[in-house]
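Report on the following structure.
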Amino acid sequence: MVLLGAVTLLFSGLVCSAADKPPPGSEWSELQRRYRGVFVLSAPRESRKVALTFDDVPDPRFTPQVLDVLNTKHVRATFFVVGTRMLKHPDLLKRIDRDGHDIGNHSYSHPDFSRIPLDKVQQQIIRSEEIVEKLVGFKPKLVRPPYGEIRPAQLDWAKQQGYTVVNWDVDSRDWRQLTADEVFRNVTSAVRPGSVILMHAGGGEGQNLLGTVQALPRIIDWLRNHHYEPVPLTELLDVRENREDSTNLFPPFGLP
């Protein structure tokens with residue numbers, strides 16, 4: 001639901017809202033420069049690999065449909081999970097893991113991190129992390145703050161704890177309940193080599209993401225026809241999925 005320039009979503013009875021902000025600009029770019037390898041918008045542009053990422057899961061209305069498309073297209077993606085939703089739908093989380101997709105942490109109850117103190121952010125991340133570990137056996141290294149909002153002090157803590165915070169450089173804007181054509185255009189008009197693409201496979205009460213489900217196979221076909229390779233974030237960024245395994249697959253992302 002979009003009201004007065006704000007998007008409002010409901011997560012397990014908690015209303016969360018954030019201003020409808022423009023695509024990432026100089027502030028995010030500066031954070032990526034300052035927190036190299038810790039705060040990420042995209043991968044280096046040399047590779048034509050891109051990552052499809054899906055927020056606000058698991059959601060029984062849309063997550064299974066997205067998983068079915070990815071399975072049919074033989075594509076691995078990344079899902080950023082919300083703690084309260086994992087507790088309600090643990091089997092869906094297990095399916096995401098079983099199907100071979102990356103799992104990232106999207107907080108316990110979806111607050112705006114920029115509006116809460118560091119200790120509350122820590123609680124949000126750790127509480128959600130503990131649920132993932134209990135259900136699928138590992139602590140996610142990847143974190144995406146709700147609405148992409150995060151403060152430098154919070155990134156300092158994330159760095160100390162070994163997290164990689166991943167926002168995006170391509171916004172499908174599917175949370176606006178767009179048509180499949182609109183979602184398709186938003187992605188294909190902005191994607192570049194190394195892009196991290198933001199989509200949603202879970203929504204608020206009454207939110208309709210069928211446009212995302214219907215656009216997804218077309219987006220995958222378009223990417224492949226234009227010589228892009230959709231991969232999970234761990235492959236795009238050369239990092240492990242498990243935070244407790246700090247060894248990178250390759251030289252650390254963002255370093256020569």
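Nothing in this text is a laboratory measurement; each read-out follows from the coordinates by a stated rule. The shown structure was predicted, so the numbers you read here are calculated from the model rather than taken from an experiment. Every residue, glycine among them, receives a Cβ derived from its backbone with ideal geometry; neighbour counts consider all protein chains shown.
A few comments on the model shown:
- The radius of gyration of the Cα set in the range 153-219, together with its Dmax, comes out at 14.6, 42 angstrom.
- Proximity of backbone amide H atoms, modeled 1.01 Å from N, is registered between residue 172 and 198 at under 5 Å, excluding neighbours fewer than 5 places apart on the same chain.
- Rel. contact order, % - alpha carbon contacts under 8 angstrom, at least six apart, the chain: 28 percent
- Only helices reaching 24 angstrom along their own axis (Cα) with mean Kyte-Doolittle hydropathy no lower than -1.0 count here, and for the DSSP H runs of the chain these are 118-136.
- On the basis of the beta-carbon distance and an R0 of 41 Å, residue 88 and residue 46 show a calculated FRET efficiency of 0.50.
- Order of 118, 92, 236, 178 - criterion: other Cβ atoms within 10 Å of each residue's Cβ, fewest first: 118, 178, 92, 236
- Efficiency of FRET from Cβ geometry, residue 192 and residue 61, R₀ 30 Å, rounded to 0.05: 0.45
- Relative protection proxy for 186-193, 140-147, 208-215, from highest mean packing down: 140-147, 208-215, 186-193 (other beta-carbon atoms within 10 angstrom).
- For the chain, built as a Gaussian network whose Cα springs stay under 10 Å, the top-fluctuating residue of 148, 206, 37: 206
- Of 72, 63, the sequence from fewest to most neighbouring Cβ atoms within 10 angstrom is 72, 63.
- For a straight C-alpha distance cut-off of 23 angstrom, the lysines reachable from residue 73 (same-chain residues fewer than eight places away being disregarded) are 49, 94.
- Spherically averaged projected area of the chain from its Cα convex hull (nm²): 12.3 nm²
- Gained length - residue 118 relative to residue 185, 0.36 nm times residue gap less alpha-carbon distance: 20.4 nm
- The order of 172, 26, 107, going from fewest to most other C-beta atoms within 10 Å of their C-beta, is 26, 107, 172.
- Estimated distance in nm for a label pair at residue 72 and residue 160, the labels positioned 7 Å out from Cα along Cα-to-Cβ: 4.8 nm
- Cα gyration tensor shape of the range 196-242, rounded if a/c is under 1.5, else prolate or oblate by comparing a/b with b/c: oblate
- Simple Cβ-charge dipole of the range 43-237, Lys/Arg +1 and Asp/Glu -1, about Cα centre, in debye nearest 20: 160 debye
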